[in-house]
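The values are calculated or read from the model by the stated rules, or taken from the named source; none is laboratory data. Nothing here was measured: the structure is a model prediction, and the numbers come from that model. A quick note on method: Cβ atoms are made from the backbone with ideal geometry, for glycine too, and the neighbour counts reach across all protein chains shown. Side chains are part of the model used for accessible areas, which takes the heavy atoms of the whole protein and leaves out ligands, DNA and RNA. Shrake-Rupley method; radii C 1.70, N 1.55, O 1.52, S 1.80 Å.
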Amino acid sequence: MTNPVTVEVTRGLLVESRHRGSVAVVDGDGKLVFSLGDIEAAVFPRSACKAMQALPLIESGAADAYGFGDKELALACASHNGEDEHVALAASMLSRAGRNAEALECGAHWSMSQKVLIQQARALDAPTALHNNCSGKHAGFICTCCHQHIEPKGYVGYEHPLQVEIRAAIESLTGAVLGAESCGTDGCSIPTYAVPLKSLAHGFAKMATGVGLEPLRAKASRRLIEACMAEPFYVAGTGRACTELMQLAPGRIFAKTGAEGVFCAAIPEKGIAIALKCDDGATRAAEATVAATLARFFETESEVHAALTAFAATSMRNWNGIHVGDIRVTSVLTGK
């Protein structure tokens, strides 16, 4: 099955590039609300499923034991810019479990935000693991291990008790069978599993609604989704799509990006969740697609709908500020 063109990039009067992709919108019962392309194909969610990976942090009692609030829970679900606030909070999370940056097994990298990277280069000889965009998630992993008296060392390994726990949680939410044959290694070294796109959307719909979940998991899921919506800066950071999308409708939209053109989102009040994948892995296409898909469900709210529609259309300018083209979604997404 060939996925449809969801996003076009123009230059002058012509289309210069096209992005194909698939979209699944599902409710808590698993009913398909909207779809494009091959939604049964398995995709690696990458960082888009960090809220699922953070469930043991709450369900084990670790989050409450260490006094974590919305900011810490949001950071545990984050792919952050490595801004000072992100780094400090990740360090604080570790310190509450009696650990420091040396316990992190995510590796170190400079910020993926050019502005933040320049600031870091001026202030640092080299980044630490705390600057890694996944340091909040990994801090949450370590805290979960410490609270359960599990040795954190090697926590990124496929057979580590924490990863077994996370794998079971994702299986429970998505209904997908996860194992070595569907497993890859993510950028931060933890296992990542290929899941059918529709199943991924259903998993987030269950988290957003609590439908089909036991009380403990439903409560933990709600806390994580609400924490991200309450503290969007800690989910991503300045100028990032996840943060800005959630700020467009405070407390109403959950949004989380993943590498290689994946994006997941939810509108809890409407009982739906979105999972999408751009075939070529382009972030610009994924961001436009998720905004346009969200907009479909706010058509009766002109202000939110207009903001999301505007987010899905990016004007491109060259270094002299001259308008050279646009990133725009196609009619398959807008219905127009």
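On the stretch given as segment 29-78, residues that are more than 22 Å from residue 167 (Cβ to Cβ) and in contact with a strand residue (DSSP E or B) (Cβ under 8 Å, 6 or more places away or on another chain) total 8. Pairs meeting the criteria (first residue in segment 252-275 and more than 23 Å from residue 303 (Cβ to Cβ) and free of Cβ contacts under 8 Å to residues at least 24 places away in the same chain, second residue hydrophobic (A, V, I, L, M, F, W, C) and surrounded by fewer than 24 Cβ atoms within 10 Å (Cβ to Cβ), beta carbons under 9 Å, at least 6 apart or on different chains) are lacking.
Within segment 163-180, restricting attention to residues that are open to solvent by 30 Å² or more (accessible area, probe 1.4 Å) and assigned to a loop (DSSP other than H, G, I, E, B), the residue that is nearest to residue 30 (Cα to Cα) is 175. Every listed requirement among (1) among the small types (Gly, Ala, Ser); (2) in contact with a strand residue (DSSP E or B) (Cβ under 7 Å, 6 or more places away or on another chain); (3) part of a helix (DSSP H, G or I) is met by residue 136 save one, (2).
Going by what's in this entry, would residue 80 be described as free of Cβ contacts under 8 Å to residues at least 60 places away in the same chain and either in contact with a Leu (Cβ under 8 Å, 6 or more places away or on another chain) or not charged (D, E, K, R) (or both)? No: the conditions fail for residue 80. Residue count for segment 24-33 satisfying the condition of being surrounded by 14 or more Cβ atoms within 10 Å (Cβ to Cβ) and either out of contact with any Ser or Thr (no Cβ under 6 Å at 6 or more places or on another chain) or at pLDDT below 95 (or both): 5.
Answer yes or no as to whether residue 127 is assigned to a loop (DSSP other than H, G, I, E, B) and in contact with a Phe, Trp or Tyr (Cβ under 6 Å, 6 or more places away or on another chain). So residue 127 fits the description; yes.
Of the residues making up segment 147-173, those that are touching a Phe, Trp or Tyr at 6+ places or on another chain (Cβ under 9 Å) and touching a residue at least 40 places away in the same chain (Cβ under 8 Å) are 147, 152, 155, 156, 162, 166, 170, 173.
Report yes if some residue within segment 256-277 is more than 26 Å from residue 10 (Cβ to Cβ) and of a type in the set (Phe, Trp, Tyr); otherwise report no.
If we filter segment 256-277 for residues that are more than 26 Å from residue 10 (Cβ to Cβ), which is where we start, we get 256, 258, 264, 266-273, 275.
With the extra rule that they be of a type in the set (Phe, Trp, Tyr), the set shrinks to none.
So far as segment 256-277 goes, no, none of its residues is more than 26 Å from residue 10 (Cβ to Cβ) and of a type in the set (Phe, Trp, Tyr).
Inside segment 181-193, residues that are small (Gly, Ala, Ser), open to solvent by 40 Å² or more (accessible area, probe 1.4 Å) and either assigned to a strand (DSSP E or B) or over 14 Å from residue 160 (Cα atoms) (or both) make up a count of 1.
Would you tally the residues in segment 187-199 being closer than 15 Å to residue 159 by Cα and of a type outside the set (Phe, Trp, Tyr)?
Adding up the residues that qualify gives 4.
Every listed requirement among (1) surrounded by fewer than 23 Cβ atoms within 10 Å (Cβ to Cβ); (2) charged (D, E, K, R); (3) in a helix (DSSP H, G or I) is met by residue 206 save one, (1).
The residues of segment 55-98 that are open to solvent by 50 Å² or more (accessible area, probe 1.4 Å) and under 26 Å from residue 116 (Cα atoms), listed by number, are 70, 71, 84, 85, 88, 95. Scanning segment 109-127 for residues that are open to solvent by 60 Å² or more (accessible area, probe 1.4 Å) and under 24 Å from the mean Cα position of the chain (by Cα) returns 110, 112, 114, 115, 117.
Take residues that are aliphatic (A, V, I, L, M) and surrounded by fewer than 22 Cβ atoms within 10 Å (Cβ to Cβ) and tell me which of the strands (runs of 3 or more DSSP E) falling wholly in segment 210-327 contain 2 or more. In segment 210-327, no matching strands (runs of 3 or more DSSP E) lie anywhere.
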